[in-house]
Amino acid sequence: MLNRLPSCAAYCAALLLFGGAVFCGAVFCFTPPIAYAADAEKPEAAPADASALTPENVVPENGTSSGPPDATAGLETVPDIFVATSALVKKNADMKPAWDKLQALDKPGALEILRPLVAKDRALPPAEFLVALFFYDRRDGNRAVSALDEAVRAHPDDPAAYLALGSIAVGQGRFTDATLLLERAEKLIPALPADHPRHKVLDAALCSQMAMVANRFERWPQARDYLKRLLVLLPEDAIAHYRLAQVLLRLNERQQGYAELQAAYQRNRRLPTPPIAVVMYCQQTGQPALAEKWMKYAEQKYDTDAPTRATLASWQWEAGRLPDAKRHATAAASQDARSVMAQFMLGIIAHYEGDLDAAEQRLDAAYRLAPNDVQVRDHLAAVLITSRDQAKRDRAERLAIDAVRQTPSSPDAIATLGWIQYNMGKTDDAMRAFGAVSKAQISSDAAYYLARVLADKKSNDDAVKLLENVLKDKGLFVQRPAAEELLKKLKS
């Protein structure tokens, strides 16, 4: 069972998106300093092994990145040929008649307008590629791919369509197809003069995608080379620095890797702080003791950083340490009242402790900050359904229904809706919902909901098995006290 925390932790999204595949594998030892004085300027003495990735060896003497962090610099996303082209298209008002034609699915009419415009502007890709961009922006994948195929046929020596098709293949996990398409683009880009207005955009997109493919096949030196080339083109791209850091860690280029984590964070404060990134690496590679030490280091060096404290709160919650989770969440909320994760954590902690009024207040605050976060809605609904106020109970059902509509394949959202309906006396609807998730991987709270229904239906053996499974882990979840009580009752 998973005790899932909210997707509203956008703070860590970049690492999960760009680093999950990179950090799975080799384990190497690195240890943060055990204690830093609050006003310390120098780390503790380095251990005998000066090559180990410890903060003593990799963190600068003042313990921070060089220079003040810049919250506005380096906010470019990973280069993408469609994104880069969209920026050009939006500036060109002459293209609007073509978009109107495409809106009516008049592709020949649109091409008739676009081709003269492309002929006059060297920065634009072929007209067929622009047609693909129009459909891709509108999430019409079939027409977009069809237009890209037409672009390849009409302009076999232009790299843009190959890059776009390769990028789509990467996104779909078709890495062999992606390799062939990207290698074709790589052969065509040098035919453009170095000062051609499209050269930098095309080469940056190529480097980004080829690095992803290299990561997938664990070709770390190749990934490093492409990312370094990308940073020559886009030196302020924070995500590129972040991705390079992960590859360097895989290559045991540890000091350089940590320096890249610092460079990434300096350019984009929305990324995880460097020690938090190391904690995530330790967790993903099965090094819990090292993760603990880096958590302490993260708290010492970034104790006033709300995202760091909120992330630490979620990890302590998952580790079953309620006082530490509450301490970090409280600190995060005091540092940033608009921290969704901090409000969420305080909400589920209050629910766990039985303070339903505080839980509703915190979770409602998180919901107002992130109304599209499904887990926030689910937990808010689970609190509201405990009320005797019919208006709140009705709102709980609306929230649960909205969550399922947004993520119709989410077992947790379906189970929460089932629990809400069960508490509202809509037994048939509830049983249909629980039947749909009875064999799915669900959160610990959802498992308790299902166990309660099974127990009420006298399926005690199934309920006991489910509860024993969910309670064997030490991590906290909102309904853990109720689950423990129910299991004790069923066994007696």
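The values are calculated or read from the model by the stated rules, or taken from the named source; none is laboratory data. Values in this document were obtained by computation on a predicted structure and should not be read as measured data. As a convention, Cβ positions derive from the backbone with ideal geometry for all residues, glycine included, and neighbour counts pool all protein chains shown.
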Between 182, 188, 124, 130, which is over 25 Å from the mean Cα position of the chain (by Cα), part of a loop (DSSP other than H, G, I, E, B) and not charged (D, E, K, R)?
124
Can you tell me which residues in segment 250-260 are crowded, with 18+ Cβ neighbours inside 10 Å and under 14 Å from residue 224 (Cα atoms)?
250, 253, 254, 257, 260
I'm told residue 400 meets every condition in (1) surrounded by fewer than 22 Cβ atoms within 10 Å (Cβ to Cβ); (2) touching a helix residue (DSSP H, G or I) at 6+ places or on another chain (Cβ under 8 Å); (3) of a type in the set (Gly, Ala, Ser) except one. Can you identify the failing condition by its number?
(1)
How many of the residues making up segment 208-254 are over 21 Å from residue 180 (Cβ atoms) and charged (D, E, K, R)?
8
Condition broken by residue 372, with the remaining ones in (1) modelled with pLDDT of 95 or more; (2) surrounded by fewer than 15 Cβ atoms within 10 Å (Cβ to Cβ); (3) of a type outside the set (Lys, Arg); (4) within 20 Å of residue 443 (Cα to Cα) satisfied:
(1)
Is it the case, given these coordinates, that residue 110 is in contact with a helix residue (DSSP H, G or I) (Cβ under 6 Å, 6 or more places away or on another chain), surrounded by 14 or more Cβ atoms within 10 Å (Cβ to Cβ), closer than 30 Å to residue 223 by Cα and not acidic (Asp, Glu)?
no
Across segment 299-316, which residue is surrounded by the most Cβ atoms within 10 Å (Cβ to Cβ) among those that are more than 20 Å from the chain's Cα centre (by Cα) and in a helix (DSSP H, G or I)?
301
Note on segment 376-433: residues among the small types (Gly, Ala, Ser) and closer than 24 Å to residue 314 by Cα are 381, 382, 400, 403, 410, 413, 415
Would you mind stating whether residue 163 is of a type outside the set (D, E, K, R), in contact (Cβ under 8 Å) with a residue 60 or more places away in the chain, in a helix (DSSP H, G or I) and on the phi < 0 side of the Ramachandran plot?
yes
Residue 136 versus (1) more than 22 Å from residue 203 (Cβ to Cβ); (2) surrounded by 15 or more Cβ atoms within 10 Å (Cβ to Cβ): which is the lone unmet condition?
(1)
